[in-house]
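The values are calculated or read from the model by the stated rules, or taken from the named source; none is laboratory data. These numbers come from a predicted model, not from an experiment. Backbone-built Cβ (ideal geometry, glycine too); neighbour counts: all protein chains shown. Please note that ligands, DNA and RNA were not included when accessible areas were found on the heavy atoms of the full protein model with its side chains. Shrake-Rupley method; radii C 1.70, N 1.55, O 1.52, S 1.80 Å.
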Amino acid sequence: TDSKFLAAFSRRGLVAEYGSSWTLPNLVGTGNAMLFLLSSDKFSGEEAMRLGIVQRCFPKETLLDKTVEFAQHLADKCSPVSLAATKLQVWNHPTRSLTEALDESTELMGLTIGGDNDDFKEGVLSFVERRDPK
């Protein structure tokens, strides 16, 4: 909640660089991207969360604990293989056609359920046994 965001490019005589002119319109829409990039005004963490730039917002006093808690949750409850494949999908698929995204998802599914993937085997077993995966 204490964080502030700023796209200061126009204030410094610069263009919107490092992909911000592509990323912001895709995250917050063209109008909000123009507002942030042209005005160079600061906006709050709450505003960033409302617009989908960040997914969670915490006071600085609890930020580290909440971050470690989330990382521990991922480590305890989720498959590293699945997390890696899902991140690849989410980052790559928006720039591809639906057919390309579906083809890659099918390929990744084959890699995760086929072969010697202990994460998948444990996932199925833990589901059948109605328990958390190990």
Q: Just name the residue that is nearest to Thr62 (Cα to Cα) out of those in the stretch 1-26 that are open to solvent by 80 Å² or more (accessible area, probe 1.4 Å) and assigned to a helix (DSSP H, G or I).
A: Asn26
**Q.** Looking only at the stretch 111-127, and only at residues there that are loosely packed, with under 12 Cβ neighbours inside 10 Å and of a type in the set (Asp, Glu), the one that is modelled with the lowest pLDDT
**A.** Asp116
Q. If you take just the helices (runs of 4 or more DSSP H) that sit entirely in the stretch 48-134, which of them hold at least 2 residues that are touching a Phe, Trp or Tyr at 6+ places or on another chain (Cβ under 6 Å) and without any contact (Cβ under 8 Å) to a residue 40 or more places away in the chain?
A. 98-113
**Q.** Sole residue being closer than 30 Å to Phe127 by Cα and at pLDDT below 90, chosen from Leu108, Leu14
**A.** Leu108
